Amino acid sequence: MFEFKPQFNLVLCELHYSPIHGKTITSDNNIESHYLLIDRFDGATGIALDELEEYQEYDTDSEDEDEDENRITHISDIQRLYKNEYASILNGWINHKIIRNYHNIISRPDYIKPEIGKCIELSTGEQVVIIKTIWLKFIQRKWKQVFAKRQQIEKYRTSPSSISHRQVTGRWPDYCNNLPGLKGMLSNL
């Protein structure tokens, strides 16, 4: 297996579905369980990495202006194109070979969205993505819980009984002694 460098990219990807994407005898046996790479993008500009150099060299006085206007290079343009394609596909019920709720997944409005992923080329030539954005969602969700707990403890510490306990003993009461932070935040995952 060949991996693209850098290790993680901003990508658009979609689940493999044989009636849409096809499958040959040389295809990987487990291709239906993978996300297929649509394209990789520059994180700062949102332009496809394959066409980034051409975009940077674009001259507004060029004679090929009509050709450049028709080319879709920005992540939002490609995302819109795929959403329109899936809207036309969704008229009928779709059964996936492996994923039971495939129809529900592709009918979500945020199905085709920018993700952080590790791009891998399989030995059969298919380019697939391992999505890594999920870890950011875990961290955000967990931090919201930790932050709410911190606010609650700070509220307890402002009560007169907690302040007097600290003045007498030199430490906060047990129910507001430990202020959670980043360290150990993901220990239960």
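With the requirement that a residue be without any contact (Cβ under 8 Å) to a residue 24 or more places away in the chain and not charged (D, E, K, R), what does the stretch 20-44 give you?
H21, G22, T24, I25, N29, N30, A44
Could you tell me whether K137 is at pLDDT below 90, out of contact with any Pro (no Cβ under 8 Å at 6 or more places or on another chain) and either exposed (fewer than 11 other Cβ atoms within 10 Å of the Cβ) or assigned to a helix (DSSP H, G or I) (or both)?
Numbers: at pLDDT below 90: yes; out of contact with any Pro (no Cβ under 8 Å at 6 or more places or on another chain): yes; either exposed (fewer than 11 other Cβ atoms within 10 Å of the Cβ) or assigned to a helix (DSSP H, G or I) (or both): yes.
Taking the combined requirement at face value, the residue satisfies it.
Determine which member of the set S123, S162, S187 is part of a helix (DSSP H, G or I) and either modelled with pLDDT of 90 or more or exposed (fewer than 15 other Cβ atoms within 10 Å of the Cβ) (or both). It would help to see each step written out before you state the result.
Values: S123 fails: part of a helix (DSSP H, G or I); S187 fails: part of a helix (DSSP H, G or I).
When all the criteria are applied, what remains is S162.
Of all residues in the stretch 6-38, those that are surrounded by 19 or more Cβ atoms within 10 Å (Cβ to Cβ) and among the charged types (D, E, K, R) total 1.
Per this entry, K118 is not counted among residues that are outside any strand (DSSP E or B), charged (D, E, K, R), assigned by TED's automatic domain parsing to the domain that holds S27 and under 21 Å from L49 (Cα atoms).
Somewhere in the stretch 147-157, is a residue among the hydroxyl-bearing types (S, T, Y) and either surrounded by 15 or more Cβ atoms within 10 Å (Cβ to Cβ) or not assigned by TED's automatic domain parsing to the domain that holds G43 (or both)? Yes, the stretch 147-157 contains a residue that is among the hydroxyl-bearing types (S, T, Y) and either surrounded by 15 or more Cβ atoms within 10 Å (Cβ to Cβ) or not assigned by TED's automatic domain parsing to the domain that holds G43 (or both).
Residue check: is I163 in contact with a Leu (Cβ under 6 Å, 6 or more places away or on another chain) and over 30 Å from E115 (Cβ atoms)?
Numbers: in contact with a Leu (Cβ under 6 Å, 6 or more places away or on another chain): no; over 30 Å from E115 (Cβ atoms): yes.
In short, no.
For K137, the test of being within 17 Å of E14 (Cα to Cα) and of a type in the set (D, E, K, R) is failed.
The values are calculated or read from the model by the stated rules, or taken from the named source; none is laboratory data. What you see is a predicted model, and the numbers here were worked out from it, not measured in a lab. Neighbour counts are summed over all protein chains in view; Cβ atoms, including those assigned to glycine, are modelled from backbone coordinates with ideal geometry.
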